[in-house]
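A short worksheet on the structure shown next.
Quick note: the coordinates plus some simple rules give every number you see, no bench work behind them. From a predicted model like this one, the values you see are computed outputs, not experimental measurements. Here the Cβ positions follow ideal geometry from the backbone for every residue, glycine too, while neighbour counts run over all protein chains shown.
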Amino acid sequence: MTQDELKQEVARAAIEYVETGTIIGVGTGSTANFFIDELAKIKNKIDGAVASSIATADRLKGHGIPVYDLNDVNGLSVYVDGADESNKYLHLIKGGGGALTREKIVAAASEKFVCIADGSKLVDVLGAFPLPIEVIPMARSMVARELVKLGGQPVLREGFTTDNGNVILDIHNMEIMEPTKLEQNLNNIPGIVTNGLFALRPADVLLLGTEDGVKTMK
Ligand code: 5RP
């Protein structure tokens, strides 16, 4: 199976977690896009969705799925999104697509976080995928120096601006042995809007696409 077929397989499996008559959170990226296409097939079952990016909102609307502002809803039953890496504790690295801030907000607003990914995303130790950090533009150099002190090699994502008007520094070459501790430390650096570690609020369920079918980890 191709990587896209594995992503499609988990996207289909995630539909099982969509509760009738609720508003759900929808993530960003190629795996989330497959999920949106599956969701379109059962769109009458849900009241609508909150999107984690402008691209996702556009895709949902393209399928005729109502998109709500998070401020206009009381809560979300489930959040479905992909990841760049996951460990066995369902701590994630996210933000490869640059949508990490809205993704973290929508995940926090959701009762359940279902992560969907192809099998290649499961790792023993997080950090081979460069950790994305969304930064207020004026703080870019100062934050980069702080990240070097933490042992990483920050690289500016050239020519990229987030939906929130900020820049991304991707931290290379950092083995993340204690994801929750690093997430907290990064949260304390002024100028960082959001870091791509989802460990303090990990996924509740990981649906992993493999050659032998969908593997569910909780
Ligand atoms: C976007 C994300 C995505 O979930 C992550 O990059 C995975 O993307 P894909 O499903 O395309 O592999 O965090 O900000």
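So here's what we get for this one:
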quantity	calculated
Virtual spin-label span in nm between Thr161 and Ile105, 7 Å along Cα→Cβ	1.8 nm
Choice from Glu146, Glu38, Glu16 showing the highest fluctuation, given a GNM over the chain with Cα pairs closer than 10 Å	Glu16
Check: region 48-187 dipole with +1 on Lys, Arg Cβ and -1 on Asp, Glu Cβ, in debye	120 debye
Relative intensity, log₁₀ I(q)/I(0), of region 1-79 from a Debye sum that treats every alpha carbon as a point, q = 0.18, 0.20, 0.21 Å⁻¹	-0.66, -0.81, -0.89
Span from the region 169-189 Cα centroid across to the region 1-19 one, whole angstrom	29 Å
Eligible lysines near Lys88 by straight Cα distance, threshold 23 Å, same-chain separation 8 or greater	Lys7, Lys104, Lys112, Lys121, Lys181, Lys215, Lys218
Net lengthening on full extension, Asn44/Ser141 (0.36 nm per residue, minus Cα-Cα)	30.1 nm
For Ser86, net neighbour charge (Lys/Arg +1, Asp/Glu -1) across residues whose Cβ lies under 13 Å away	-1
Hits among lysines - C-alpha to C-alpha of Lys43 under 19 Å, sequence gap 8 or more where chains match	Lys61
Reciprocal of mean inverse Cα separation for region 10-49 (Kirkwood radius, Å)	10.1 Å
Segment His172-Val73, length gained on full extension (0.36 nm per residue, minus Cα span)	31.9 nm
